[in-house]
């Protein structure tokens with residue numbers, strides 16, 4: 001009889017299962033609608049960059065050219081799907097299968113960390129953000145494009161209801177990611193609500 | 001609201017469709033003699049499910065949260081309002097469809113207004 005799966009193994013299994021049909025779910029609607037906001041956020045890329053949760057690489061076409069990016073993802077199947085987009089990128093993307101909680105990088109390795117619809121799925125979001133805080137240089141920047149819960153009726157209740165269903169197959173819909181970023185030790189620089197207070201970009205910094 | 005025409009028209013039409021379908025389902029299920037509160041309590045979650053069922057083939061072409069939230073919200077309200085009205089007095093089929101459509105229009109306008117208030121930049 002096999003041992004119980006860890007939260008990271010459960011997350012990996014969910015995304016491995018979704019990988020073959022993820023593009024058909026996300027690329028037609030969500031990515032097209034979010035393109036201007038993601039392109040604007042990723043335009044800040046410079047220096048030594050960590051991209052957390054590359055997935056199938058749907059974000060890669062929005063990256064500015066010529067960057068050197070280290071990308072990780074917990075799901076090997078998702079990264080397999082990303083290979084063509086990685087190869088097509090006009091720059092360098094080094095992608096590895098890795099759990100954010102177990103990153104081997106030394107403290108202060110990166111100038112910037114980017115995430116895109118990631119912290120709805122990281123099993124322990126504050127611990128994951130603390131891991132990002134550790135690998136950032138002092139003064140390093142965190143840029144996030146995330147969907148979160150809402151602070152407003154009736155959207156808050158709807159996101160709670162949706163989470164009951166969505167967590168079975170993938171992401172949570174009701175996380176308070178801005179508070180989690182603060183709890184991990186970052187200083188918030190700017191939050192931009194893209195749709196209601198549910199889809200947003202977050203810019204934060206590790207105190208120097 | 002999103003000012004790109006494709007999304008304005010798409011969001012509007014999907015919300016309208018969900019309102020009509022949820023209204024017609026409420027008309028088919030609820031009848032005179034039903035307790036009004038029971039009709040509303042049943043049709044709220046059922047309307048949300050109808051919204052989700054229409055979201056996946058149609059709304060998902062328009063986005064994730066930007067389409068999913070209005071779909072569920074419209075389904076919930078159209079189902080609840082038409083269910084309530086049908087419990088109080090028998091409605092002709094076309095009135096149920098019209099009322100559902102009106103709910104669809106009202107809800108997408110509500111979402112656009114809420115979005116115009118909530119979206120934007122907050123600096124630390």
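If you go through the stretch B:71-105 and pick out every residue that is within 28 Å of residue A:36 (Cα to Cα) and either free of Cβ contacts under 8 Å to residues at least 40 places away in the same chain or within 14 Å of chain A (Cβ to nearest Cβ) (or both), you end up with 4. Yes or no: the stretch B:77-85 includes at least one residue that is within 10 Å of the chain's Cα centre (by Cα) and more than 13 Å from residue B:27 (Cα to Cα). The answer is yes, given that some residue of the stretch B:77-85 is within 10 Å of the chain's Cα centre (by Cα) and more than 13 Å from residue B:27 (Cα to Cα). Looking at the stretch B:22-51 only, could you name the residues that are out of contact with any helix residue (DSSP H, G or I) (no Cβ under 6 Å at 6 or more places or on another chain) and either at the interface with chain A (Cβ under 9 Å from one of its Cβ atoms) or closer than 26 Å to residue A:194 by Cα (or both)? Hits for the stretch B:22-51 are B:45, B:49. Of everything in the stretch A:196-208 that's part of a loop (DSSP other than H, G, I, E, B) and more than 7 Å from chain B (Cβ to nearest Cβ), which residue is surrounded by the fewest Cβ atoms within 10 Å (Cβ to Cβ)? Across the stretch A:196-208, the extreme among qualifying residues is A:208. The set of residues from the stretch B:53-65 being in contact with a helix residue (DSSP H, G or I) (Cβ under 6 Å, 6 or more places away or on another chain) and within 13 Å of chain A (Cβ to nearest Cβ) comprises B:55, B:58, B:59, B:62, B:63, B:64. The single condition among (1) more than 10 Å from chain A (Cβ to nearest Cβ); (2) under 21 Å from residue A:164 (Cα atoms) that residue B:68 does not satisfy is (1).
Mind telling me which of the residues A:180, A:193, A:151 ends up being more than 8 Å from chain B (Cβ to nearest Cβ) and under 18 Å from the mean Cα position of the chain (by Cα)? Within the list A:180, A:193, A:151, the selection yields A:180.
FYI, it's all coordinate maths here, none of it is from the lab. None of the values given here were measured: they were computed from a predicted structure. Cβ coordinates were reconstructed from backbone atoms using ideal geometry, including for glycine residues, and neighbour counts include every protein chain displayed.
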